[in-house]
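Chemist: What follows is a single structure, and I will ask about it in a moment.
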Amino acid sequence: MLSIVIPVHNEEHSLLPLYDRLTLVLEELGKRYEILFVDDAS
């Protein structure tokens, strides 16, 4: 299983495009994955 951890803070405008691109690539790999968006409060 692949885990992708993405620290975010005030990134609302770019999260959906990032998620869409990541899922396209990860689906092609054919492996199980998770994407974690973590508020790093910076």
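Chemist: If the chain between ASP20 and LEU36 were fully stretched, how many nm would it gain, using 0.36 nm times the residue separation less the Cα-Cα distance?
Modeler: Details: separation 16, 0.36 × 16 = 5.76 nm, distance 1.36 nm.
Fully extending the segment from ASP20 to LEU36 adds 4.4 nm.
Chemist: For the range 21-35, what does the Karplus curve 6.51 cos²θ - 1.76 cosθ + 1.60, with θ = phi - 60°, yield as ³J(HN,Hα) per residue in whole Hz, taken in order and with x for Gly and Pro?
Modeler: 5, 4, 5, 4, 5, 5, 4, 5, 5, x, 10, 6, 8, 9, 10
Chemist: Please list the non-local residues whose amide H lies under 5 Å from the amide H of PHE37, H modeled 1.01 Å from N, same-chain partners needing a gap of 5 or more.
Modeler: It is ILE6, by chain and number.
Chemist: Of the GluC sites (Glu not before Pro) in the chain, which ones lie in a loop per DSSP and count no more than 15 other C-beta atoms within 10 Å?
Modeler: Working: sites: GLU11, GLU12, GLU27, GLU28, GLU34; in loops: GLU11.
Listed in order of number, the matching sites are GLU11.
Chemist: Can you give the accessible area of SER14 in Å² (nearest 10), computed on protein heavy atoms with a 1.4 Å probe?
Modeler: Near enough 40 Å² of accessible area.
Chemist: Can you tally the net charge around LEU2? Count Lys and Arg as +1, Asp and Glu as -1, for every other residue whose Cβ sits under 10 Å from the Cβ of LEU2. List each step's numbers first, then the result.
Modeler: Numbers: positive: LYS31, ARG32; negative: GLU34.
Net charge in that neighbourhood comes out at +1.
Chemist: Note down the net charge around LEU15, summing +1 for each Lys or Arg and -1 for each Asp or Glu among other residues with Cβ under 12 Å from its Cβ. Working shown, then result.
Modeler: Working: positive: ARG21; negative: GLU11, GLU12, ASP20, ASP39.
Local charge sum for LEU15: -3.
The values are calculated or read from the model by the stated rules, or taken from the named source; none is laboratory data. Predicted, not measured: the structure shown is a model, and the values here were computed from it. Note: ideal-geometry Cβ built from the backbone for every residue, glycine included; neighbour counts use all protein chains shown. Protein only, heavy atoms only, side chains kept; ligands, DNA and RNA dropped before computing areas. Shrake-Rupley method; radii C 1.70, N 1.55, O 1.52, S 1.80 Å.
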